[in-house]
Amino acid sequence: MWDEKSRRIGILALIAAGIVGVLVLRLVWMQLFQGGQYKKIAEQNRTRQITDQAPRGTIYDRNGAVIVANRPSFAISIIPGEYTNPPETTPLLAAITGVPADEIEQLLKGSEDSLYTPVRIKRDIDAAMIAQVEERQDYLPGVIIEAIPVRQYMYKELAAHVLGFVGSIGAEEYVRRKSQGVSATDLVGKDGLEREWEDALRGTDGGLKLEVNAGGEEVRSLGDQAAVPGKGLVLTLDANLQKAAEEALTVQVAASRQQGAPAKGGAIVALDVKTGGVLVMASNPAFDPNVFAGGISSREWNKLIATANTPLNNRAIQNTYPPASVFKIVTLAAALEMNLTTPGEIFDDRGVYVLNGWSFYGWDTKGLGKLTVSGALAWSSDPVFYELGRRLGADNLASYALTFGLGQKTGIKLAGEQKGIVPTTAWKQATYGEGWYPGETLIAAIGQGYYLVTPLQQALLAMAVATGGVVYKPMLVDKVLTPEGNLADKLQPEILRTIYLRPEVWETIREGMIAVAASGTGAATFKGFPQTVAGKSGSAETGRSTTHSWFVCYAPVEKPEIAVAVFVEDGGEGSMAAAPVARRVLESYFSIPGKTLPPPVKTD
């Protein structure tokens, strides 16, 4: 009997010892390996962090005008550690804010490490929504109203593609930047300068740490740290010139449509030829970045990207188009530099050029008569440039195009820049699996066929002629300022490339471009203009029975200051659509009163 009893006691003792052993091991594990985590949880149970969001840096134009700032607003936020009844609270909060319940749940994921850091659910709310939250506060535990700054784009669509916009931080970026104090619900730069200069524009959040009791009531302050605003940017853009350019482009797009052209939009780039500073970068259609400032909904985003003619695309750098007759500048430079023609050679434009039995027509099928090469450039004679293209050959032409920077990114500090295409015989074989045809060289010589460029590249082409080969890297930011407004950094112009041509080659090209505005294809548009302008028009066939319109120019010829490229997508002939816009830009730059222009001559 006692043996059985002793055996049972022994078993119970072993079980008890095992339980005690497990508890001891668990205690050791919690103390040695999880002590820090439990200490953190205990700390969070008695503290609440009220974040003071830092305003992003102010953005100014070259003259000191504020074009992007911040305004005060309110946000509905959740303190995860006090959000005690999600099954009932989340549907109510979704009904008030319009934010779907699943989006609220998604925003709250990952908040375990910061139970008392507010998670923003709805930004930039109005007074009515604030009242709804306050009236239902008893049913919304852990839901608070925060005062936060919201990005404000002062002139709405003005320079929208340059400035960009802010948006919710992505999951990957959050993981990468979490150690920098970034919250999972923060807004960060998503496009344009807001994205490229995120580290400078973003400030350092401050906040108030409070001790709270078990009921979440505030007991005392544990510290207050002021937010530090982001750095400011002074741009090279001229807001007044940008506004004039955008208005001129909008008017022309509408006019082209009235005349029967589809006119999907366009772009304008104006550069300071002495520094590469971008004075204007306009893209039409545009968008209002303010719709992103408070956080854009999926429905609003889908509506925006479905809008006709892709308003989010920066046509100045993100789209490529055939360069059309503007490319004749490159063709002429190559032919002169390689001694395949001379400034005095006389050509006879009879309206058609015949190669191997194939006829290639000029824009004036009656013919333009006898022309020198500068005259051929002034009147954009296709037959003359067909002949120059034949003399050069496809690969020599491509070599000079690359020398001028075509087929290469400019390095402007904006996302999505395209490099375009400079076709060679090897490129065509690799791309299409077939050889190069002689007729394709003729088409290439007038900027058609496989060549593709951006409006920014066309503006740099005009700059190269203006400076005699010195091409500056396009820059958008001139200065970086401290939060107090003092100079933190001054960016310096950078030479992108130098194009070495004989002086007489540059002079011949300039003569032709000056004649464009004085007596050639752009003469009707620039009649009476008080500054001497050197320009080149272009009309690019699309293969869809429509024509893209180009005009590039620089002025004044005697001492160049500004280079301009205007593009109207499916807008018609270059002299009809793009040239008048270029004149409006120059009128604004030189403070010349505008006037009604005579109907331009229909050319190339």
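State all residues of region 444-472 that are part of a loop (DSSP other than H, G, I, E, B), small (Gly, Ala, Ser) and crowded, with 24+ Cβ neighbours inside 10 Å; if no residue qualifies, say none. Hit for region 444-472 is 447, nothing else. The condition of being in a loop (DSSP other than H, G, I, E, B) and of a type in the set (Asp, Glu) holds for only one of 300, 345, that being 345.
On the basis of being modelled with pLDDT under 95 and not charged (D, E, K, R), does residue 334 make the cut? So residue 334 fails the test.
For residue 515, state whether it is over 23 Å from residue 406 (Cβ atoms), touching a residue at least 40 places away in the same chain (Cβ under 8 Å) and not assigned by TED's automatic domain parsing to the domain that holds residue 360. Answer is no for this residue.
Among the numbered conditions (1) over 22 Å from the mean Cα position of the chain (by Cα); (2) part of a helix (DSSP H, G or I); (3) without any contact (Cβ under 8 Å) to a residue 12 or more places away in the chain, the only one that residue 339 does not meet is (2).
Checking each residue in region 238-273 for being of a type in the set (Gly, Ala, Ser) and either outside any strand (DSSP E or B) or farther than 13 Å from residue 581 by Cβ (or both) picks out 239, 244, 245, 248, 254, 255, 256, 260, 261, 263.
Look at (1) closer than 27 Å to residue 290 by Cα; (2) modelled with pLDDT of 90 or more; (3) surrounded by 19 or more Cβ atoms within 10 Å (Cβ to Cβ); (4) of a type in the set (A, V, I, L, M, F, W, C) and you find that residue 140 fails only one, number (1). Only a single item in (1) in a loop (DSSP other than H, G, I, E, B); (2) buried (at least 24 other Cβ atoms within 10 Å of the Cβ) is not met by residue 327, and it is number (1). The criterion of at least 3 residues that are touching a Cys at 6+ places or on another chain (Cβ under 7 Å) is met by none of the helices (runs of 4 or more DSSP H) wholly inside region 109-201. Sub-6 Å Cβ pairs linking a first residue in region 110-126 that is under 14 Å from residue 73 (Cα atoms) to a second residue that is modelled with pLDDT under 85 and not in a helix (DSSP H, G or I), at least 6 apart or interchain, are 120/185; 123/294; 123/295; 124/294, ordered by first then second residue.
Within region 168-207, the set of residues being closer than 29 Å to residue 282 by Cα and aliphatic (A, V, I, L, M) comprises 169, 187, 188, 193, 200, 201.
The residue that is farthest from residue 535 (Cα to Cα), among those in region 353-376 that are in contact with an Asp or Glu (Cβ under 9 Å, 6 or more places away or on another chain) and of a type in the set (Val, Ile, Thr), is 372. On inspection, residue 478 does not qualify as assigned to a strand (DSSP E or B) and without any contact (Cβ under 8 Å) to a residue 12 or more places away in the chain. Residues satisfying the criterion are present in region 63-81 (criterion: modelled with pLDDT under 85 and either surrounded by fewer than 20 Cβ atoms within 10 Å (Cβ to Cβ) or assigned to a helix (DSSP H, G or I) (or both)). Got at least one residue in region 473-486 being surrounded by 15 or more Cβ atoms within 10 Å (Cβ to Cβ), basic (Lys, Arg) and farther than 24 Å from residue 159 by Cβ? Among the residues of region 473-486, not one is surrounded by 15 or more Cβ atoms within 10 Å (Cβ to Cβ), basic (Lys, Arg) and farther than 24 Å from residue 159 by Cβ, which makes the answer no.
The values are calculated or read from the model by the stated rules, or taken from the named source; none is laboratory data. What you are looking at is a predicted structure, and each value in this text was computed from that prediction instead of being measured. Cβ atoms come from the backbone with ideal geometry, glycine included; neighbour counts cover every protein chain shown.
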